[in-house]
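Here is the structure we will look at, set down as structure tokens.
The values are calculated or read from the model by the stated rules, or taken from the named source; none is laboratory data. The structure presented is a predicted model; accordingly, all values stated were derived computationally and were not measured. Counting neighbours? That spans all protein chains shown, and the Cβs are built from the backbone with ideal geometry, glycine included. Only protein heavy atoms, including side chains, enter the accessible area calculation; ligands, DNA and RNA are left aside. Shrake-Rupley method; radii C 1.70, N 1.55, O 1.52, S 1.80 Å.
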Amino acid sequence: MGAQIRVYRQKIASTSSMKKIFKAMEMIATSRINKSRQSLEAAYPYANALTRAVSQIATQHNISHPLTTVPDDVRRSAVLVFTSDRGLAGSYSSNVLKRTEELLELLRSQGKEARVYLVGRKAKAYFDFRHRDYDEFWTGNTDNATTERAEELTDQLMRDINAPYEDGGVNEVLLVYTQFNSMVNQEPRVLRLLPLEVVDANDLGDEISERYEALEETQNNFEFEPNAEELFNQILPRYVKARIYSALCHAASSELASRQRAMKAAGDNATELIKKYTRLMNNARQAEITTELTEIVSGAEAL
């Protein structure tokens, strides 16, 4: 009986130690998500301004550009997947990877090849474990979006979209990431980045974009120098970089929000386990005391 009590004490001690770790990780995620959401909000004015400029150029001047024209026969697609570097974030990475599998299956059913690019160690480990091919990967700072990472991804994708098919070029670029809608709602989604689909600014995020709707109402025609086509070639990489940076910000905020919820749930479960083990330990101690008293009484009656 004493051994059983020691087992419960060990379980209570180990669970209490894990609870402290869960609480610390929850507090870290809580403190960092505010900064991540500020970065996400700060990215909207620039991304929206580029969206408006690209829309004006494409619609007013009827420019025919390879990056704005969907080819009749899409033979190869680039798929960029955003996951996390670390676990303990609930189903964040698994939801993105599940959405990726659905997309790759769809591309295969349409007879398209896929060049896969991975962001985050979880995606790399997933593909490595299953011996699946991928072309490139980036790890580190998945919960902290940086313009440097966005520039690296933009350079890679622009090289692929501009390269001939025989040299490994692609006809379209697809992003798979988690859109941050609120602290309790993050949604995995697929976005076709190229060929360019000029979208409404609200597609960059629903939470804050209402602040900039007034800009759309006062939208005027733009005049371009030296000419619209040359400006279009210069602004497209910036537009792509802005959209990729926006996806990185969404992914980082979603990862931190998922980790915060997961750690809070783990901490609550640890509390319930401690209560359960404490109750079982008390029952075992009470049973041991009862047994000892019974033995004492039986010995006294025998004498």
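Using 0.36 nm per residue and subtracting the Cα-Cα separation, the extra length available between Arg86 and Asp268 on full extension is 63.4 nm.
On the chain, 50 percent of the accessible area sits on carbon and sulfur atoms, based on a 1.4 Å probe. When only the Cβ of Lys, Arg, Asp and Glu is charged (+1, +1, -1, -1), the dipole of region 58-179 relative to its Cα centre reaches about 500 debye. Cross-link reach is defined here as a Cα-Cα straight distance under 29 Å, omitting same-chain residues fewer than 8 places apart; for Lys35 the lysines meeting it are Lys19, Lys20, Lys23, Lys98, Lys122, Lys124, Lys241, Lys264.
Peptides 37-46, 10-19, 237-246, 251-260 ordered by packing proxy, namely the average of other Cβ atoms within 10 Å per residue, highest first: 251-260, 237-246, 37-46, 10-19. Think of a 1.4 Å ball rolled over the protein heavy atoms: the chain then has 54 Å² of accessible area per residue.
Dipole magnitude for the chain: about 1920 debye, using +1 per Lys or Arg Cβ and -1 per Asp or Glu Cβ, origin at the Cα centre. Placing +1 on the Cβ of each Lys and Arg and -1 on the Cβ of each Asp and Glu in the chain, which of Ile235, Tyr92, Pro45 has its Cα farthest towards the positive end of the resulting dipole? Working it through, the farthest residue towards the positive pole turns out to be Tyr92. Remark: the Cα gyration tensor places region 33-139 in the oblate category, a/c being 1.5 or greater and a/b not exceeding b/c.
Per-peptide packing, taken as the mean over residues of other Cβ atoms within 10 Å, places 154-162, 90-98 in the sequence 90-98, 154-162 from highest down.
Per-residue ellipticity at 222 nm computed for the chain from its helices equals -21500 deg cm²/dmol, with DSSP H segments shorter than 4 residues left out and the rest contributing -39,500 (n - 2.57). Ordered by solvent-accessible area of protein heavy atoms (1.4 Å probe), largest first, the residues Arg9, Arg149, Arg261 come out as Arg9, Arg261, Arg149.
Counting Lys +1, Arg +1, Asp -1, Glu -1, what net charge surrounds Tyr165 among other residues with beta carbon under 14 Å of its beta carbon?
Summing Lys and Arg as +1 and Asp and Glu as -1 gives -2.
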